[in-house]
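The values are calculated or read from the model by the stated rules, or taken from the named source; none is laboratory data. These figures come from a predicted structure and were not determined experimentally. Here the Cβ positions follow ideal geometry from the backbone for every residue, glycine too, while neighbour counts run over all protein chains shown. Calculation scope for accessible area: heavy atoms of the full protein, side chains included, ligands and nucleic acids excluded. Shrake-Rupley method; radii C 1.70, N 1.55, O 1.52, S 1.80 Å.
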Amino acid sequence: MQNFIYHNPTKVVFGKAAISKLGKVLPSNKKVLVLYGGGSIKKNGVYDQLTEQLKETHWVEFSGIEANPEYTTLMRAVELAKTEQIEFILAVGGGSVVDGAKFVAAAINVEGDAEEILNDSSIVKSAVPMGCILTLPATGSETNTASVVNISEKQAKKAFMSEHVRPQFAILDPEVTYSLPDRQLANGVADAFVHVVEQYLTYPVNAMVQDRFAESILQNLIELGPKVKETDYEVRANLMWNATQALSGLIGAGVPQDWSTHMIGHQLTALYGLDHAVTLAIVLPRLLKSQQPEKRDKLLQYARRVWGISSEDENAAIEKAITKTEEFFRELGIKTKLSEHDIDATAEDKVAHLLETQGLTALGEHGKVDVSTAKQIIAASM
Ligand code: NZQ
Ligand code: ZN
């Protein structure tokens, strides 16, 4: 196992009516900025529950944070936060709103060009404290330090990470997921699945806790996938907690990590506006095929332990596990080929160009996924 420091101080308030406990975790006597998205929280009752809880709080709101949160929108929230002298940020929504809130929290305290945060996370030396009420289980953003921001005019989707923007608390009520469209539920399962894979399917370092914990989350997601569209509390509760743990930092501590599927996927969102999880379901099967030699030991472990493939032939077991992975995404209702999204072969060069301009030229746990490998992966995804 590799050395690591593990510390995840986000307080999780989980379960039915969890929003009613907001008062227990929200710091008192702070001026709060509530950030939310396009209005789903007004339709499903979350906004009403929230305003009930904020009766004694001095707060203002900013809405309209898009899926794949836009830099220019977030900068408008930064302006409001500065004018209103905001002391705490409360994100209410899916990963995009939570990520957007993290960027706003950091940008308020950055002198000079806030866009630079997305090129160099180390310039974030502090942030306005924040917490979240999560409405979409998928990204894990609710307890982690990552944020992904879209700059559409530059066709760039970029991430930053900082301990300063880890939410102080995350309120997780599985019942708020009942209003989610089927597409977002499928996306949630796929995104969480790929988060685990990016931290698990590399090379063995004898990290027994991380491996078996990762395998259990993958098996849970495989079990939950076919049921996820049912309005069932136990299913939604388990989806929510699996998705949180998929990217809370625990399974990634002390192990090599990949993230090339995400980096290639982000370019597809930047270019074509595809949902984040959809890009992952397209890229991952081809990435695994292309990196078979490098990932061989873990791929075999994945085949045996996660998919229960016991055939003697190791190569056949690995092939079957990759096929089953793609079938799993398809059974969720996600189209895993670029052509099914009306994207043509010019995507190869476009993705390659974006990776190159962002310096993403040595991805993966060995730095072996270069631009030409990424091009081959995109070509194979047609
Ligand atoms: O904007 P509203 O009206 O709220 O609607 C949203 C949005 O249209 C809707 N929604 C959310 N909760 C709902 C709901 N609709 C009905 N009922 C509810 N309870 O769902 C739509 C999608 O929301 P979004 O927040 O975009 O989805 P998701 O949570 O999948 O977040 C995706 C973003 O997170 C980033 C992605 O790149 C993408 O930008 N990621 C963040 C990560 C992190 N911070 O660690 C890791 C991930 O790999 C990912 O990159
Ligand atoms: Zn993801």
Quiz item: In the stretch 170-241, which GluC sites (Glu not before Pro) are in a loop and have at most 12 other Cβ atoms within 10 Å, using DSSP for the loop call?
Solution: E230
Exercise. Can you tell me what the convex hull of the Cα atoms of the chain projects to on average, as an area in nm²?
Key: 17.6 nm²
Quiz prompt | Computed over the chain: relative contact order in percent, which uses C-alpha pairs under 8 Å that are six or more apart | solution = 15 percent
Exercise. Go ahead and set up a Gaussian network model of the chain, Cα springs under 10 Å, then flag whichever of G93, G45, G225 fluctuates most.
Key: G45
Quiz item: Percent of accessible area on the chain owned by carbon and sulfur, 1.4 Å probe?
Solution: 48 percent
Quiz item: What does the helix-only formula give at 222 nm for the chain: each DSSP H stretch with n ≥ 4 adding -39500 (n - 2.57), the total divided by the residues, and the result rounded to the nearest 500 deg cm²/dmol?
Solution: -14000 deg cm²/dmol
Quiz item: Taking a probe of 1.4 Å, how large is the accessible area per residue of the chain, in Å²?
Solution: 41 Å²
Self-check item: the stretch 181-380 - percent relative contact order, Cα under 8 Å, separation 6 or more
Solution: 26 percent
Quiz item: Most fluctuating residue of E70, E79, E348 in a GNM of the chain with Cα springs under 10 Å: which is it?
Solution: E79
Exercise. Could you tell me which of rounded, prolate or oblate describes the stretch 3-98, using a ≥ b ≥ c as the square roots of the eigenvalues of the alpha-carbon gyration tensor, with rounded for a/c under 1.5 and, failing that, prolate when a/b is larger than b/c and oblate otherwise?
Key: rounded
Self-check item: Other-chain or far-sequence residues with amide H under 5 Å of V12's (modelled H)
Solution: A170
Quiz item: Restricting the count to DSSP beta bridges whose residues both fall in the chain, what percent are antiparallel, rounded to a multiple of 5?
Solution: 25 percent
Quiz item: Between A380 and R305, what is the spin-label point distance in nm, taking each point 7 Å from the Cα along the Cα→C-beta axis?
Solution: 2.4 nm
Quiz prompt | Fully extended contour minus Cα-Cα distance, from I123 to F14, at 0.36 nm per residue | solution = 35.9 nm
Quiz item: Which log10 I(q)/I(0) values, to two decimals, does the stretch 181-380 give at q = 0.09, 0.10, 0.12, 0.15 Å⁻¹ under the Debye formula with one point per Cα?
Solution: -0.32, -0.39, -0.57, -0.91
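Could you pull out the pairs from K42/K337; K102/K324; K43/K102; K16/K335; K289/K350; K295/K335 whose alpha carbons sit more than 28 Å apart here?
Going by Cα-Cα distance, K42/K337; K102/K324; K16/K335 fall outside the 28 Å limit.
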